[in-house]
1. If the requirement is being within 21 Å of B:PRO111 (Cβ to Cβ) and buried (at least 18 other Cβ atoms within 10 Å of the Cβ), which of these qualifies: B:ASP225, B:ASP237?
2. So which strands (runs of 3 or more DSSP E) are wholly in region A:193-297 and hold at least 1 residues that are touching a residue at least 40 places away in the same chain (Cβ under 8 Å), among the small types (Gly, Ala, Ser) and in contact with a Phe, Trp or Tyr (Cβ under 7 Å, 6 or more places away or on another chain)?
3. Which of the residues belonging to region B:332-359 are free of Cβ contacts under 8 Å to residues at least 24 places away in the same chain and farther than 18 Å from B:LYS299 by Cα?
4. Mind checking which residues of region A:363-390 are among the β-branched types (Val, Ile, Thr) and closer than 25 Å to A:ALA307 by Cβ?
5. Can you tell me which condition B:ALA309 does not meet? The list is (1) farther than 30 Å from B:SER10 by Cα; (2) outside any helix (DSSP H, G or I); (3) in contact with a Ser or Thr (Cβ under 7 Å, 6 or more places away or on another chain), and all the others hold.
6. When region A:158-185 is examined, which residues are found to be at the interface with chain B (Cβ under 8 Å from one of its Cβ atoms), surrounded by fewer than 24 Cβ atoms within 10 Å (Cβ to Cβ) and aliphatic (A, V, I, L, M)?
7. Taking only region A:186-211 into account, find how many residues are within 15 Å of the chain's Cα centre (by Cα), away from chain B (no Cβ under 14 Å) and at pLDDT 95 or above.
8. Give the residues of region A:302-329 that are surrounded by 24 or more Cβ atoms within 10 Å (Cβ to Cβ), under 21 Å from A:ILE371 (Cα atoms) and within 14 Å of another protein chain (Cβ to nearest Cβ), sorted by residue number.
Amino acid sequence: MNVLVVNAGSSTLKYQLIDTKTHKVSAKGSCERVGFSGGTFTHTANGEPKVTDSVEFPDHKAAIEVVLKDLEAHNVKIDGIGHRIVQGGWYFGDSTLVDADILAKIREVAPLAPLHNNPEANVIEFCLEQYPELPNVTVYDTAFHFDMPKVAQTYALPQDVCEKLHIRKYGAHGTSYRYISQKVAEMTNGAAHKVVVCHIGSGASLCAIEDGKCMDTTMGLTPLDGVMMGTRCGSIDPATVCYLQREGGYTFDEVDDMMNKKSGLLAISGTNDVRDVEEGAAAGDEGCALAFDMFVYKIATKVAEMATAMCGMDTLVFTAGIGEHAPAVRAGVADRLAWMGVHMDHAKNALRAEGAWCLSTPDSPVAVYVIPTDEEYMIASDVERIVGSK
Amino acid sequence: MNVLVVNAGSSSLKYQLLDTETRQISAKGNCERIGLDRGIFTHTGRDGVKTSEDALFPDHRSAIARVLSVLAEGDYEFDGIGHRIVQGGWYFDDSALVDDDVMAKILEVAPLAPLHNYGEAAAIGYCREKYPDLPNVAVFDTSFHMSMPEVAYTYALPKDVRERYHIRKYGAHGTSHRYEWMVAKEMLGDFCHRLLSCHLGNGASLCAIEDGVCRDTTMGLTPLDGLMMGTRCGSIDPATVCYLQREGGYTYDEVDEMMNKQSGLLAISGISSDARDIRNGANQGDENCLLAFDMFAYKAMLQAGAMIASMAGVDTITFTAGIGENDWTIRQAFCECFDWLGVRIDRERNQAAVGNGAQVISAAGSPVTVMVIPTDEEYMIALDVKRLVEGC
């Protein structure tokens, strides 16, 4: 099945055309600066990128229109479209075939992810209008976490407030966790039972997966919570927000913006890129050294939390941009966890292998892997599963 | 040394007169409903008789005045006064003999604990006026945590904001955690290096203590963060505060109040913030009460995992305060989850360990020693007074 996978960010729209049989990506591209002037459209087919500058994308509908027209011009056949949705809210524990009801629900839960859900819904609407015969499937970042145990998902706030405003832990990166969980099962022949996955990119979260089920995750009501990230502070005393408003005179929108966009690695080191942080630390910059140590410390302590959610851990997985490509971060986390049976083979850790590999010593009580994530492939296979079952 | 220990809360003022050599308490009592109508004054003297009478305490000065005059009337003598101070802010990494400079600093850091530091400072001020010759020692709930490493106390917020408003993890219950370490070390000697101290009361926090030094703790800038508590929600996504204002129309003061006073065990059980009431409900099968306990235990366990990671292992776990000393079911659930780290609880010892003083509840041969150690912050404060006054 030939599936177009669409991933609409707050100001971008990325896509991939995937053949679910061969796993081959026949075309991919992105629209940058959606909602701003001077956008860029990149389309890569057969490994040859073609970049078009000065394309105007006033909104996400304009972006998907450019993508679909371009694919049409190349005579590409599409059997279905898969859409990544950031927030499935209190409705979706699995991916869904889109109809009017689904679309309405995606918009209904949008206050939980105001920068993402509405643009994504607009994109779907456009696809439905232009290609009414094509099936559209929505794949939610939160669905994997939907059924996590009540003790993990419930916030100890007044329950009438939680019900009215739908406050709970939703988590994120669920599609990535689902993919990794399947891969781990394949790679270990089902020997992995208590798995902690560290999805560490510019957004970062951890997930406790016991026999394929989410037991807990570090992101919360929003993707701010949990570990420290590129520009996000992660878990801090929630009363800090009130304190900043009371003592600093900030509005809640300003604090929200500060915590999401001006904090994290950026706030401690001056850069949000972990490679620059590493280089700065190596060159003796104190801010960078602290940022790196904090980053590793917070990941390691959260690994221990996730392991405790399962009363143990037999497998630790690193994935996503930093998890796959930053051996120093992996080593820092693993070394802080040696006491709980994480024994890393540092030579294996330093490898830059293609695909997945094991980086623990042969007798390590906890097996450690790098497994490159592939959310697009997971979305495409969901489209096949859901369309095929209809 | 005879020490008067004063613990001024937001609307109460408790006191104990105790002898640091014998640990005898010759008088104790409480001024309740300070700043409100219908105040109550209770006092128990050396005869052990408890009296209770109506009183009016417009402020903390009037409360400490009452205490001092009752003690003077009863010919009670003391050589120094120890004051529990909730927040020592960025100044105090140890208890301090009070002078004008210390007073000014307690007031300067008060915005971090507005409901506490002002009242406490007022009580100290009165003591200094009334007995200018007596030493006053301030003992801070936060000072023990000042030894935390930078990775643990730093919030990843913009540096200028952090510095201007002194934002960091301060923690709390430091005097209690310090006491737990002192007693565990006395009892276990060389077997105790990495201690997880679980202070589980109406307010609750965990502390990772490695060779007497705080490695990390669960409370944060304020005592809201960390574990779920009687009426506090503990750690939740900080963006929830923004969301509640944006979508729910609450002000930040309302959210602050909600998170501190209407959340926690109270919010989930729907009946009470008192663990004993919730235990009764749970025993009768009430689902909300069961969930409240399960959540309390779960969140304590999870954060215990993080605390243990901060010191790369654990050899001793202590439980203290209301729930920690009295609720054996929570201790059992907690310990059984950590079987994978070598925690073996002795179920019978654990069930028997209610109200019997400090004792071991782990099984013989358990790699990790688990103890119940009833906390005694007043004694710890009195010891600090002696240490600072006598210089030893």
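1. Going through B:ASP225, B:ASP237 in turn, just one is within 21 Å of B:PRO111 (Cβ to Cβ) and buried (at least 18 other Cβ atoms within 10 Å of the Cβ): B:ASP225.
2. Details: elements: A:194-200, A:204-210, A:213-217.
In region A:193-297, there are no strands (runs of 3 or more DSSP E) which contain 1 or more residues that are touching a residue at least 40 places away in the same chain (Cβ under 8 Å), among the small types (Gly, Ala, Ser) and in contact with a Phe, Trp or Tyr (Cβ under 7 Å, 6 or more places away or on another chain).
3. B:ASP346, B:ARG347, B:GLU348, B:ARG349, B:ASN350, B:GLN351, B:ALA352, B:ASN356, B:GLY357, B:GLN359
4. Listed by number, the residues that qualify are A:VAL366, A:VAL368, A:VAL370, A:ILE371, A:THR373.
5. Every condition holds for B:ALA309 apart from (2).
6. A:VAL161, A:LEU165 - these are the residues of region A:158-185 that are at the interface with chain B (Cβ under 8 Å from one of its Cβ atoms), surrounded by fewer than 24 Cβ atoms within 10 Å (Cβ to Cβ) and aliphatic (A, V, I, L, M).
7. So the count comes out to 3.
8. Within region A:302-329, A:LYS302, A:VAL303, A:ALA304, A:MET306, A:ALA307, A:MET313, A:LEU316 meet the criteria.
The values are calculated or read from the model by the stated rules, or taken from the named source; none is laboratory data. Bear in mind the structure is a predicted one, so any value in this text is a computation, not a measurement. So basically every Cβ, Gly included, is an ideal-geometry build from the backbone, and we count neighbours across all protein chains shown.
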